[in-house]
């Protein structure tokens, strides 16, 4: 778990699961895989196993160790809903999030069907608590079905991460979506992000009154291109953000 995360839309990361496998084009140049594989074979290192899937029971209670409320990105180095993660382990992660409710948790997956089914089963006729945000990654038009799956999930706060955005995605179905993050790819093989793709999504969000967050243009490094779109930083977040975490959403307009 990392405090003071460099990811612009969160405060910290919590990785009870690390490692993953590729499922779509957005995974081609995975930053997490690139980082983890640097340490493969290093005795005693958390990524001694590289990017192979690993469950970390020792990390399950880490959110309880933070007294100050935080925004916590769950599994920045893996996917909680990977097919090889046992449902019982996912239960334990959700039990921890439910119990330590002073934090806001951002659960992001590419395995949208499994997340939908899991949330439906866990919460039945209600929804996940509002401090547990549930989101899906969508990088191009071929995986827009993930948005449909998310719309059927038992969650009060749903969000999209369009990163790395690899093409124009028009006619987004934003019904029931609270927040959209857009970002370009970073790293040595970063694919370019075109400004018209970002403007298109920003305008759809504004029309639908959905909070829009522009994370980065990307490039060789994540900071290479900056974060401004037409001279503006877009930092809007859902109103459910806990004020005590330092993210007072009520003071953030659609283009703050």
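The values are calculated or read from the model by the stated rules, or taken from the named source; none is laboratory data. Computed from a prediction, not measured in an experiment: that's the story for all the values here. FYI the Cβ positions are ideal-geometry reconstructions off the backbone, even for glycines, and counts take in every protein chain you see.
Residue by residue through the range 133-148, note down the ones that are part of a helix (DSSP H, G or I) and farther than 12 Å from residue 168 by Cβ.
We begin by selecting, within the range 133-148, every residue part of a helix (DSSP H, G or I); these are 141-143, 145-148.
Across the range 133-148, the qualifying residues are 142, 143, 145, 146, 147, 148.
Considering every residue within the range 218-240, establish whether at least one is closer than 23 Å to residue 24 by Cα, surrounded by 22 or more Cβ atoms within 10 Å (Cβ to Cβ) and at pLDDT 95 or above.
Yes, the range 218-240 contains at least one residue that is closer than 23 Å to residue 24 by Cα, surrounded by 22 or more Cβ atoms within 10 Å (Cβ to Cβ) and at pLDDT 95 or above.
Please determine, by comparing only the residues of the range 93-126 that are in contact with a helix residue (DSSP H, G or I) (Cβ under 8 Å, 6 or more places away or on another chain) and surrounded by fewer than 18 Cβ atoms within 10 Å (Cβ to Cβ), which one is nearest to residue 164 (Cα to Cα).
If we take residues in the range 93-126 being in contact with a helix residue (DSSP H, G or I) (Cβ under 8 Å, 6 or more places away or on another chain) and surrounded by fewer than 18 Cβ atoms within 10 Å (Cβ to Cβ), then 113 is nearest to residue 164 (Cα to Cα).
Can residue 175 be described as over 21 Å from residue 87 (Cα atoms), surrounded by 16 or more Cβ atoms within 10 Å (Cβ to Cβ) and either in contact with a helix residue (DSSP H, G or I) (Cβ under 7 Å, 6 or more places away or on another chain) or modelled with pLDDT of 95 or more (or both)? Quick ask: steps written out before the conclusion?
On the way: over 21 Å from residue 87 (Cα atoms): yes; surrounded by 16 or more Cβ atoms within 10 Å (Cβ to Cβ): no; either in contact with a helix residue (DSSP H, G or I) (Cβ under 7 Å, 6 or more places away or on another chain) or modelled with pLDDT of 95 or more (or both): yes.
Taking the combined requirement at face value, the residue does not satisfy it.
If residue 78 satisfies every condition in (1) surrounded by fewer than 16 Cβ atoms within 10 Å (Cβ to Cβ); (2) in contact with a helix residue (DSSP H, G or I) (Cβ under 8 Å, 6 or more places away or on another chain); (3) closer than 17 Å to residue 16 by Cα but one, which is the exception?
(1)
Can residue 170 be described as buried (at least 21 other Cβ atoms within 10 Å of the Cβ) and either more than 25 Å from residue 23 (Cα to Cα) or at pLDDT below 95 (or both)?
Against the criterion (buried (at least 21 other Cβ atoms within 10 Å of the Cβ) and either more than 25 Å from residue 23 (Cα to Cα) or at pLDDT below 95 (or both)), residue 170 does not qualify.
Any residue in the range 73-90 that's over 12 Å from residue 109 (Cα atoms): show its pairings with residues that are assigned to a helix (DSSP H, G or I) and at pLDDT 95 or above at Cβ separation under 8 Å, as long as the two are six or more apart or on different chains.
So the pair list comes out as 87/118; 90/118.
Which residue, of 49, 62, is surrounded by 14 or more Cβ atoms within 10 Å (Cβ to Cβ) and under 21 Å from the mean Cα position of the chain (by Cα)?
Only one candidate qualifies: 62.
Can you say whether residue 89 is surrounded by 12 or more Cβ atoms within 10 Å (Cβ to Cβ) and either assigned to a loop (DSSP other than H, G, I, E, B) or modelled with pLDDT under 95 (or both), as far as the supplied structure shows? Even if it seems obvious, please write down each step before you answer.
Working: surrounded by 12 or more Cβ atoms within 10 Å (Cβ to Cβ): yes; either assigned to a loop (DSSP other than H, G, I, E, B) or modelled with pLDDT under 95 (or both): no.
Answer is no for this residue.
Do you know which residues across the range 108-132 are assigned to a strand (DSSP E or B) and under 23 Å from residue 182 (Cβ atoms)?
108, 109, 132
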